[in-house]
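S.K.: Take a look at the following structure, please.
The values are calculated or read from the model by the stated rules, or taken from the named source; none is laboratory data. The model shown is predicted, which means the values in this text are computed figures rather than measured ones. A quick note on method: Cβ atoms are made from the backbone with ideal geometry, for glycine too, and the neighbour counts reach across all protein chains shown.
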Amino acid sequence: MTDNWLNNWFKARDVALWGVADLSEFTGDETVPPYRHGVAFAVPMDKGVMAAIKKGPNRPYADEYVRVNDLIDAIGEELAGALEGRGHNALHLAASKRTDPLKIAGAFPHKTVATRAGLGWVGKCCQLVTRRHGPWVRLGSVFTDAPLIVAKPVVRSFCGSCRECVDACPAEAINGAEWSAGVGREALLDARVCDEYKKRHFYEFHQGHNCNICGAACPYGLKSLKP
Ligand code: SF4
Ligand code: SF4
């Protein structure tokens, strides 16, 4: 069951993957606005661009990353405005905004909102993995106090025995552990090693994003190339 107006709102913008997360357990967490719901949505990256970065990012990938992030920010801002227009409080969380350089993290993880909104799970590569596009998506989040119908959260990984991203990572930053709800990033990924590797080898394309060799290897993403 979904909120009809929200369903139509996303449909009009060609966003197929979205959901509402119950974030009430984070009330009091200073990194989260005091709103109990998070609307998560995903915009797919261009499949051809993603399939072409198995050996590392290139200019088309960097440009696509910026394009999709800009689109997400525009959609998030517009959605926050639409919710406010309906008399609710709403706050858009900028796409991939790194606010803590020490922890190499944004203010609040889009992945947390997305898993709780039922969009997918956190893969061994530490990215959100969707069934339809794998990790070849970028995420947006809007916090709100609007009385929306929440989705069933995804609480476990569907990576199974796959280790494609673990083996593909040239920095050996992925340790191969399986995610479940509550498992933090440090259990999955050495974020410092990952960050240093991509800065050292792909500095010209490094705008806060991943080198994403791991994401390019994911069978869930590769599956989307098939007709
Ligand atoms: S982004 Fe690059 S360095 Fe980081 S985990 Fe993925 S493959 Fe490894
Ligand atoms: S490559 Fe395999 S292990 Fe890694 S995120 Fe994708 S499905 Fe999970």
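S.K.: Filter the range 208-227 down to the residues that are within 21 Å of the chain's Cα centre (by Cα), in a loop (DSSP other than H, G, I, E, B) and more than 15 Å from ligand 1 (Cβ to nearest atom), then identify the one that is surrounded by the most Cβ atoms within 10 Å (Cβ to Cβ).
M.R.: Step by step, filter the range 208-227, then rank; the result is Ser224.
S.K.: Restricting attention to the range 165-188, does a residue exist that is at pLDDT below 95 and within 12 Å of ligand 1 (Cβ to nearest atom)?
M.R.: Yes: the range 165-188 contains one or more residues that are at pLDDT below 95 and within 12 Å of ligand 1 (Cβ to nearest atom).
S.K.: Determine the pairs where a residue that is modelled with pLDDT of 90 or more, located within the range 189-205, has a partner that is loosely packed, with under 15 Cβ neighbours inside 10 Å and polar (S, T, N, Q) with Cβ atoms under 8 Å apart, the partner being 6 or more residues away or on another chain.
M.R.: Pairs that qualify, where the first residue is modelled with pLDDT of 90 or more and the partner is loosely packed, with under 15 Cβ neighbours inside 10 Å and polar (S, T, N, Q), are Leu189/Asn175; Asp190/Asn175.
S.K.: I would also like to ask the following. Somewhere in the range 49-62, is a residue in contact (Cβ under 8 Å) with a residue 24 or more places away in the chain, surrounded by fewer than 22 Cβ atoms within 10 Å (Cβ to Cβ), touching a His at 6+ places or on another chain (Cβ under 9 Å) and among the hydrophobic types (A, V, I, L, M, F, W, C)?
M.R.: yes
S.K.: Could you list, ordered by first residue, the pairs with Cβ atoms under 7 Å in which the first is in the range 12-28 and over 15 Å from Asp145 (Cβ atoms) and the second is among the aliphatic types (A, V, I, L, M) and outside any strand (DSSP E or B), at least 6 apart or interchain?
M.R.: Hits for this filter: Arg13/Ile75; Val15/Ile75; Leu17/Leu119; Gly19/Ala117; Gly19/Leu119; Gly19/Ala151.
S.K.: Could you tell me whether any residue of the range 131-141 is touching a helix residue (DSSP H, G or I) at 6+ places or on another chain (Cβ under 7 Å), surrounded by fewer than 17 Cβ atoms within 10 Å (Cβ to Cβ) and at pLDDT 95 or above?
M.R.: Yes, some residue in the range 131-141 is touching a helix residue (DSSP H, G or I) at 6+ places or on another chain (Cβ under 7 Å), surrounded by fewer than 17 Cβ atoms within 10 Å (Cβ to Cβ) and at pLDDT 95 or above.
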